[in-house]
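The values are calculated or read from the model by the stated rules, or taken from the named source; none is laboratory data. What you see is a predicted model; the values in this text were computed from it and never measured. Cβ atoms come from the backbone with ideal geometry, glycine included; neighbour counts cover every protein chain shown. Accessible surface is based on the protein model in full, side chains and every heavy atom, while ligands, DNA and RNA are left aside. Shrake-Rupley method; radii C 1.70, N 1.55, O 1.52, S 1.80 Å.
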Amino acid sequence: MTETIKRHISPIAWVPTVYFAMGMPFVVLNMVTALMFKGLGISDAQIAFWTSIIMFPWTIKPLWSPFLEMFKTKKYFVVLTQFCSGVFFGLVALSLQLPHFFAISIALLGVIAFSGATHDVATDGVYMAVLSKEDQAKYIGWQGAFYNVAKLAATGGLVYLAGYLIEHIGVVHAWMTIMGCCGAIMLLLALYHWKMLPSDQTEERHAVTSLRATWEALKEVILTFFQKKYIALYILFIILYRFAEGLVMKIVPLFLKAPIGDGGLGLTEQEIGFYYGTFGAAAFVLGSFLAGYFISHFGLRKTLFFLCCVFNFPFAVYPLLAHFQPDSACLIGGGITFEYFGYGFGFVGLTLFMMQQVAPGKHQMAHYAFASGIMNLGVMIPGMISGFLSDWLGYDLFFIVALFAAIPVLILVHFLPFTYPDPEKRKK
């Protein structure tokens with residue numbers, strides 16, 4: 001039965017769209033909402049804190065993922081969460097015209113975050129259950145590509161559209177339209193995947209069929225993760241790797257949007273969307289592509305320090321932009337492009353480290369999910385305090401402090417033990 005399902009629907013028909021649906025809520029909640037609330041008059045401190053804290057479900061999603069095995073199919077949860085996200089994006093749109101819109105919209109976005117995190121687990125489950133090992137390897141590139149297409153569509157297309165609409169219908173109605181568009185996209189994807197996503201239901205019942213069995217399985221996964229050799233150092237490294245990024249991630253779009261008199265660059269949403277959606281996106285993809293070849297040639301152990309430097313050093317463009325406040329599109333766009341190239345190049349190093357040093361073992365997939373959750377925690381915590389720091393220090397001094405926050409990981413990487421050799425060395 002399963003083989004018939006696999007042959008019936010080509011992966012090309014659903015892999016790109018389902019991973020686009022995975023990326024859309026995460027990017028909108030993580031980046032686009034910061035610009036939306038900035039335009040609606042919310043302070044940087046409030047924006048950074050609350051748009052960081054609502055990302056918490058992506059950190060703890062491994063804790064409830066085993067329970068999804070007990071009910072329905074993974075396809076059911078993919079379609080259900082896409083539908084829920086679509087409905088709640090629509091409710092966010094409606095909430096923006098209410099007196100206490102910020103509190104209400106944050107609560108609604110929190111529901112979308114839980115739905116989106118559950119969607120991630122179910123989507124990866126369908127991918128692994130329906131596709132053969134050969135097809136999993138064959139279509140792995142489509143995952144990352146269309147996840148980043150979602151990032152391009154949100155930070156580029158939707159933000160650019162918001163800037164256009166603001167000029168014609170005002171700030172509130174413009175962002176209501178954008179949130180409505182997000183909801184419509186997710187609802188259309190839910191309808192599409194209801195028809196086109198293959199079911200992962202097989203004739204064999206799930207191995208985990210009770211709450212007790214599920215809890216025991218989850219407990220074993222957690223215990224074996226924290227019993228791994230050097231796990232404390234690995235966790236510290238994962239958190240510190242993106243700590244500087246966590247500080248600047250929320251503040252950069254707010255800085256770009258802030259008026260010149262407040263220390264910002266005074267860009268419009270259209271300009272920000274253009275920089276992010278064109279040169280920034282292209283630089284990210286190019287950096288990721290080149291990093292893969294770089295690591296495969298020299299090995300992760302030899303390149304990890306360099307990757308840390310490339311990941312964190314480009315943040316130096318923001319203290320310069322904050323100090324000189326240029327109005328040149330080439331300088332501003334060039335700075336964003338440089339930072340995104342470093343982000344794409346260096347991020348691959350952390351991903352491979354989690355795959356090759358943290359995840360290997362009996363529960364490889366679950367342990368990689370735990371490592372990913374810890375990685376998100378390493379971004380969320382500094383993001384929560386970043387707004388208060390930027391309000392206190394000002395943009396120029398804040399970005400200098402954020403740059404210094406990268407120093408601990410550059411020191412730690414020199415003392416980081418490797419449990420497993422690089423794959424190239426293993427072959428030799």
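For this structure, a couple of remarks:
- Summing Cβ point charges (Lys, Arg +1; Asp, Glu -1) relative to the Cα centre of the chain gives a dipole of roughly 1340 debye.
- Calculated FRET value between Phe324 and Leu40, using beta carbons and R₀ = 35 Å, to 0.05: 0.75
- When the Gaussian network model of the chain links Cα atoms closer than 10 Å, the mean-square fluctuations of Ala402, Ala13, Ala291 top out at Ala13.
- Seen from Pro382, the other residues with C-beta closer than 13 Å to its C-beta sum to a net charge of +1, counting Lys and Arg as +1 and Asp and Glu as -1.
- Per-residue HN-Hα couplings for the range 167-184 [Karplus 6.51, -1.76, 1.60; θ = phi - 60°; Hz; x = Gly/Pro]: 5, 10, 10, x, 5, 4, 5, 5, 6, 4, 5, 5, 5, x, 4, 4, x, 5
- For the residues Arg242, Arg212, Arg301, a GNM of the chain with alpha-carbon springs under 10 Å puts the largest fluctuation on Arg212.
- In plain terms, if you count all Cα to Cα distances in the chain and split them into 10 Å steps from zero, the share in each step is 4, 21, 32, 27, 13, 3, 0 percent.
- Distance violations [Cα-Cα > 21 Å] among Lys61/Lys219; Lys229/Lys362; Lys38/Lys61; Lys75/Lys250; Lys151/Lys250; Lys151/Lys257: Lys38/Lys61; Lys75/Lys250
- In a fully extended conformation the segment linking Tyr293 and Met128 would gain 56.8 nm over its present Cα-Cα distance, using 0.36 nm per residue.
- The length gained on full extension between Lys302 and Ile407, counted as 0.36 nm times the residue separation minus their Cα-Cα distance, comes to 35.9 nm.
- Rounded to the nearest Hz, the phi-derived 3J(HN,Hα) couplings of the range 152-165 under the Karplus curve 6.51 cos²θ - 1.76 cosθ + 1.60 (θ = phi - 60°) are 5, 5, 7, 6, x, x, 5, 5, 4, 4, 4, x, 5, 5, where x marks glycine and proline.
- For the chain, the solvent-accessible area with a 1.4 angstrom probe is 44 square angstrom per residue.
- Accessible carbon and sulfur surface of the chain relative to its total accessible area, %, 1.4 Å: 71
- Nearest-0.05 FRET efficiency for Leu63 and Leu393, computed from C-beta distance (R0 30 Å): 0.25
- For chymotrypsin sites (Phe, Trp or Tyr not before Pro), the sites in the range 34-86 that DSSP calls loop and that have at most 16 other Cβ atoms within 10 Å are Trp64, Phe71.
- Cβ-based charge dipole, the chain, positive-most Cα from Ile222, His323, Thr81: Ile222
- For the range 347-353, 3J(HN,Hα) per residue [Karplus equation, 6.51 cos²θ - 1.76 cosθ + 1.60, θ = phi - 60°, Hz, x = Gly/Pro]: 5, 4, x, 5, 4, 5, 4
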